[in-house]
Amino acid sequence: MSKPLPPEVWLSLQALLDAGHHEPSLGLLHSLFEQCSTHQQAQELLARMRNLPPELMQHPTARRLYVQTLCRARQPEEILSLLAPQSPDPALRVYQAWAQVRLGQYQQALQTLEEAAPATSLDWSIFYRTKGEALFWTGATDWLEVFDQARAHLHGSALGRMLLDRGWFLNHLGKRSAAVVCWGRSPGLPRARPLLPGLGPQQPGLCHAQRPAPQGRAAPAGSPAP
């Protein structure tokens, strides 16, 4: 069971906000986001952020942190709702594409990523994982080459989740031996986690949100819930 974020940090954040110190508040928020290694912690941070002063949340840094937290808390619908009415900062387009993949909008996601690519401040780990997954579900043959480019931008449990997803995709293609190797190399995650018959440890997808049936490949019967 995941631990809640340290309660004292919320007191520190409130003290900074009460004193009008917005820049240090943003730094503390970023630190809190980095500590969110589980879905439960991300949900906790998201609930707190929704109650922060609007003037703080209008800051570009706070806005990006909010979208990142929505991604980690598996809220694709809210991401699309938040970013759809405008042309988002290119750095936010990777999260828009992630949300589109979660909802089965694979071609739209690829287009969104193409528009995001000129930016240099992207979260490249999500960029390559999202693009690789969209290519996988549309039947492209180069999906794995793209997906694997995320490795250079990941470490620890994040790399472990990427390898679990990689194994799930390979297993879906009938390459179970290669999938088992991926699952066994997942750092920071339980090695003895039981596998679902014919599938893998989990359904893939960055933050492991549910998705509709894909367009280019058939979803296996009995796909595990996230």
For segment 104-121, does any single residue satisfy the condition of being in a helix (DSSP H, G or I), open to solvent by less than 20 Å² (accessible area, probe 1.4 Å), aromatic (Phe, Trp, Tyr) and in contact (Cβ under 8 Å) with a residue 40 or more places away in the chain?
yes
Which of the residues belonging to segment 23-36 are touching a residue at least 24 places away in the same chain (Cβ under 8 Å) and crowded, with 16+ Cβ neighbours inside 10 Å?
SER25, LEU26, LEU29, LEU32, PHE33, CYS36
Would you mind listing the helices (runs of 4 or more DSSP H) fully within segment 1-76 where at least 2 residues are at pLDDT 90 or above and either closer than 24 Å to ILE126 by Cα or β-branched (Val, Ile, Thr) (or both)?
22-35, 39-49, 60-72
Would you confirm, using the coordinates I've provided, whether PRO54 is exposed (fewer than 15 other Cβ atoms within 10 Å of the Cβ), more than 22 Å from VAL101 (Cα to Cα) and touching a residue at least 12 places away in the same chain (Cβ under 8 Å)?
no
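The values are calculated or read from the model by the stated rules, or taken from the named source; none is laboratory data. Quick caveat: nothing in here was measured; it's all calculated off a predicted structure. So basically every Cβ, Gly included, is an ideal-geometry build from the backbone, and we count neighbours across all protein chains shown. The protein model used for the area step is the full one, side chains on, heavy atoms only, and it has no ligands, DNA or RNA in it. Shrake-Rupley method; radii C 1.70, N 1.55, O 1.52, S 1.80 Å.
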